[in-house]
Each structure stands twice: as structure tokens, then as C-alpha cells.
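Written out below as C-alpha cells is the structure these notes cover.
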Amino acid sequence: MPEQPDPRAAEIYRRLLAAYGEPTWRPFYAPMDELVLTFLSQNTSDLNSGRAFGALRARYPTWQAVLDAPVAELADTIRSGGLAQQKAPRIQRALRRILAERGEFNLDFLANLPTEEALRWLTSFDGIGHKTASIVLLFCFNKPAFPVDTHVGRVTRRLGLAGPKDAEEKIKGLWEGLAPAAWFYPLHLNLIRHGREVCHAQRPECGVCVLRDACEYPQKPQ
Ligand code: SF4
């Protein structure tokens, strides 16, 4: 973590904050809920995964009940989130492992682990990558993990902070070295917003972009 923020990162952080304000995400859930939501959110929209999560919580009063449910019934319950045949057994495998390792459905122990160790533990689950693991660590435990999704990756590459072929996992480490941890939450959310609203994958709107003069994207109109 840098003692002093990188000057370019600081400029980007300030301009996005001026443009979009202090962002707020959806309400945080308890860590176990966030973990299960993470499985449900793969390859679908927040709306669909939220629906699937609501249906799961409405049908099963406890995590033990989710674990004990027939897998076909669980898949049917979460079908609005898509890929239910894949996600239902993944969720049950994760619950089984957590119970076997921890003796309870509780992830509070992650708060006491170093961030890298907590990240390794989360990403050892089938279906959890660095992005979603970082979301759980940053949002639930306030740990210094910078989640990088496709929008954050694209904007960072176009700005020239990362190379054009740098993988999202590398970009995660890059932001963690450029910005202080206190910025991770707002910067992550504002970079996503910028990617969705202005720096689109196709035809970015460079003409109205607040980062334009700080951006090295070669196709940017002059
Ligand atoms: S100038 Fe264009 S490419 Fe660069 S960040 Fe802004 S929208 Fe994206």
C-alpha cells in the first residue's frame, strides 16, 4: 500500500469523485450472505442474482437448510439467477466445506487473517475469482483488496495505467500499489460507473469524459 498516492491515480480519483460524488453500493449483507450472493452473481445481472438470492432466503431459513435441500430443488429455487444447475451444487459444496473447516456457517474469522491469506482462502472455492473475493473482503471486512471487473479493467488500460493486454488480476495489484486503501471503495465504484456511462467498451464518449486529458487511449478523438 503506498504511503503517498500516485499523482495520476490521485487526479483520477478526484475527478471521478467530483463528477459522480461519493458512491453508495447496495446494502451490505453479512459475509455468509455475500459469499452465496457471489456464487449467484456469476454471469448474470445484479437484478437477476438479487432475485435468486431473495428466493433462496425466502425458502430456506438457515444455511443448514440450504445444504440439506435436494440439489434439484435448490436449483429450481435459484433459477432466476441463471446457470442454476451449476450454481446450486457449488453453493452446497461451499457450505459443506465451511461447516467442515469452521464447524459453523460463519466467516468472521476472515477479519483476523492477513488480506492475502483471506484472498487465497476465498479464491480456493470453485467459482470464486479475485474480483468477487475482493468484494467480500473490501465490503464486508474493510480489507485493502481492490476489486477489478471488466469496466475497471478497460478504463485502467485505456488511461494507460495498465498495459493494453494486462489481465484484471494484475490491474488489481496495480491499483493497490497506486491508491491508499481508504480510496478503494469509492474509486472502485466510480471507475465502474465511468466505464458503464462514458468509457463504454464500444465507442467511448471521450468528448464528454472528465479524464480525457489524462487518458492515453490511442483511438481517443483529439
Ligand atoms: S478519454 Fe475516452 S478512452 Fe479515455 S477514459 Fe475517457 S472515455 Fe475512456
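Just so it is clear, none of the values below were taken in a lab; they were calculated from the coordinates. What you are looking at is a predicted structure, and each value in this text was computed from that prediction instead of being measured. Methodologically, a virtual Cβ is constructed for each residue, glycine included, from the backbone with ideal geometry; neighbour enumeration extends over all protein chains shown.
Over segment 85-210, consider all pairs of different Cα atoms and compute the Kirkwood hydrodynamic radius from their mean reciprocal separation; express it in Å, one decimal.
Numbers: mean 1/r = 0.0626 Å⁻¹.
Across segment 85-210, the inverse of the average 1/r is 16.0 Å.
Calculate how steeply helix 184-197 sits against the longest principal axis of the alpha-carbon atoms of the chain, using the helix alpha-carbon long axis, and give the answer as 0 to 90 degrees to the nearest 10.
Result, in degrees: 80.
Using a 10 angstrom cutoff on alpha carbons, build the Gaussian network for the chain and name the most mobile of ARG97, ARG158, ARG203.
ARG203
What relative contact order, as a whole-number percentage, does segment 58-176 give when Cα pairs under 8 Å and 6 or more residues apart are counted?
14 percent
Net charge near SER80, counting Lys/Arg +1 and Asp/Glu -1 over other residues with Cβ under 15 Å of its Cβ?
Residues close to SER80 contribute a combined charge of +2.
Taking the C-alpha atoms of the chain, how large are the radius of gyration and the largest Cα-Cα span, Dmax, in Å?
Rg then Dmax for the chain, in Å: 18.9, 60.
Using the Cα centre as the reference, give the magnitude of the dipole from point charges on the C-beta atoms of segment 31-141 (Lys, Arg: +1; Asp, Glu: -1; all else neutral), rounded to the nearest 20 debye.
That gives segment 31-141 a dipole magnitude of about 300 debye.
Given bins 10 angstrom wide, list per bin the percent of all Cα-Cα distances in segment 31-141, short to long.
15, 49, 32, 4
Ordered by packing density, taken as the mean number of other Cβ atoms within 10 Å over each peptide's residues, highest first, how do 143-150, 164-171 rank? Provide the component values of the computation, followed by the final result.
Numbers: 143-150: 21.0, 164-171: 14.2.
Result, highest mean first: 143-150, 164-171.
What is the magnitude of the charge dipole of the chain about its Cα centre, with +1 placed on the Cβ of each Lys and Arg, -1 on the Cβ of each Asp and Glu, and no other charges, expressed in debye to the nearest 20?
580 debye
Taking a 23 Å limit on the Cα-Cα distance, which of the listed pairs LYS131/LYS170; LYS87/LYS143; LYS87/LYS131; LYS87/LYS170 fall beyond it?
From LYS131/LYS170; LYS87/LYS143; LYS87/LYS131; LYS87/LYS170, over 23 Å: LYS87/LYS143; LYS87/LYS170.
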